[in-house]
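Notes follow the structure.
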Amino acid sequence: INWLESPAFQGGLQTEAVYAVGHSRGGKISLLAAENDKRIGAVCLVDPVDSNEYAPEGPGYPSAIKSLPTFSTPLAIIGGGHSEDCIPVQSNYKRFFENASSRALLCNVKEAGHFQYLDKTSPIQAAVCSEGKVASQAVRDLSKAVIVAWAEIMLPQRGAKTNLKSQLTVLNIAVEKWLKTNVFQNADVNFQVKGF
């Protein structure tokens, strides 16, 4: 963000309301970045993973979940219910939502595997985390819709008046459209919100 504020960009970019999005540990890093930089105005975590026995908490490696009770930035979490074969339950997306104290949205794609959010999966990733029953393209399409809708809801254009209830309707419409086109792809999705 500091680099974007440098003279090279001549102040042409809006950096007071940045949107941080990350998958897996990138989600954890996005949350920790927002905790330490108030220029980040909203965060979206895609099947986030916190500290666990494979990557323990320690000096320089804090837990993002432990920071959530004091975290105030709006937070969307997209999680795969089929991820528990490779993500310990104590550090998965459900724990992020349970501990969130800010405005938070949870999108649970019940049959999505951890790496189905990616455009391409390596053989090693496929060996470590299995795929769920829902089509990978459907998982990616839904994730994109939620990511974009959350940004539009939480980071409105400068000077725009916002009504959160009407903005949440935008999200509902995007999800309903997705559900109609993916009804035959084993798509089982539910949403929860808190703090609204």
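Below, the figures for the structure above:
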{"item": "Radius of gyration and Dmax over the Cα atoms of the chain, both given in Å", "result": "16.9, 51"}
{"item": "Heavy-atom accessible area ranking, 1.4 Å probe, most first, across Thr70, Thr169", "result": "Thr70, Thr169"}
{"item": "Largest to smallest accessible area among Tyr117, Tyr93 [probe 1.4 Å]", "result": "Tyr117, Tyr93"}
{"item": "Computed log₁₀ I(q)/I(0) - Debye formula, equal Cα scatterers, no solvent, segment 74-132, q 0.14, 0.15, 0.28 Å⁻¹", "result": "-0.40, -0.45, -1.13"}
{"item": "Heavy atoms of Ser166 accessible to a 1.4 Å probe, total area in Å² rounded to 10", "result": "60 Å²"}
{"item": "Pairwise label distance in nanometres, Ser72 with Glu57, each label 7 Å out on the Cα-Cβ vector", "result": "2.3 nm"}
{"item": "Virtual spin-label span in nm between Ile1 and Lys133, 7 Å along Cα→Cβ", "result": "4.2 nm"}
{"item": "Probe 1.4 Å, all protein chains present, accessible-area order of Ser6, Ser101, Ser91, largest first", "result": "Ser101, Ser6, Ser91"}
{"item": "Segment 58-88 versus segment 97-161: alpha-carbon centroid distance in Å", "result": "14 Å"}
{"item": "For Val170, solvent-accessible area (1.4 Å; no DNA, RNA or ligand), Å²", "result": "60 Å²"}
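The values are calculated or read from the model by the stated rules, or taken from the named source; none is laboratory data. No experiment lies behind these values; they were computed from the predicted model shown. Please note: Cβ atoms are built from the backbone with ideal geometry, for glycine as well, and neighbour counts cover all protein chains shown. Just so you know, the surface numbers come from the protein's heavy atoms only, side chains and all, with ligands and any DNA or RNA stripped out. Shrake-Rupley method; radii C 1.70, N 1.55, O 1.52, S 1.80 Å.
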